Amino acid sequence: MKKILVLGLMGLIGLMGVAEAQTQNDKPSKRERKKNLVVKEWNTRAGSTVPYLDNMVTYDEQGRKIEEIEYASYGQKKRTTYSYEGNSTKCKEQVEYNDKNKVVRIKQFEYNDDGTKKRQLNYKPNGKLETTKTFEYSYK
């Protein structure tokens, strides 16, 4: 009798695990939830009731970040655009603009075979290479 009860309980636990896994599989991925999404962040100063736009991020139809704008009291403070190669989720190029919407820096990225960043090339607006950043990964 005890064996039957234990086996029945184990079967019930197993079914619950399958149901939970199916529920988790039914949830859209982070990228799917961001498809065509625009996220606006609003702030309100202490003592005020008037909110002001602080930051806005726009995602494309594949859920990849394509633009981020940071605002100040006078308007746009900084804007960054992101571009990708084909259907890749890895950013190929990032262009930073100032408050006058003029390019201040262009970043290009290279990746390792496992998808981690390998190198970042930073260019001035005139296209001249300014700095190179390399990435090193180590596990302890």
Checklist entry - Is it true that TYR52 is modelled with pLDDT under 90 and within 21 Å of ASP99 (Cα to Cα)? => result no
Item to check | strands (runs of 3 or more DSSP E) within segment 47-120 that include 2 or more residues of a type in the set (A, V, I, L, M, F, W, C) | outcome: 51-59, 65-72, 91-97, 103-111
Next on the checklist: I'm checking my understanding of the structure. Among residues of segment 85-140 that are under 14 Å from ILE66 (Cα atoms) and free of Cβ contacts under 8 Å to residues at least 12 places away in the same chain, which one is nearest to the chain's Cα centre (by Cα)?
Outcome noted: SER88
Checklist entry - Quick one: LYS92 ticks every box in (1) within 21 Å of VAL39 (Cα to Cα); (2) surrounded by 15 or more Cβ atoms within 10 Å (Cβ to Cβ); (3) of a type outside the set (Val, Ile, Thr) bar one, so which box is it? => result (1)
Item to check | Restricting segment 31-46 to residues that are of a type in the set (S, T, N, Q) and assigned to a strand (DSSP E or B), the residue that is farthest from LYS107 (Cα to Cα) | outcome: THR44
Item to check | Test for TYR123: is it of a type in the set (Ser, Thr, Tyr), surrounded by 15 or more Cβ atoms within 10 Å (Cβ to Cβ) and closer than 26 Å to SER29 by Cα | outcome: no
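The values are calculated or read from the model by the stated rules, or taken from the named source; none is laboratory data. Predicted model, so just to flag it, every value in this text is computed and none were measured. We place every Cβ from the backbone using ideal geometry, glycine too, and count neighbours over all the protein chains shown.
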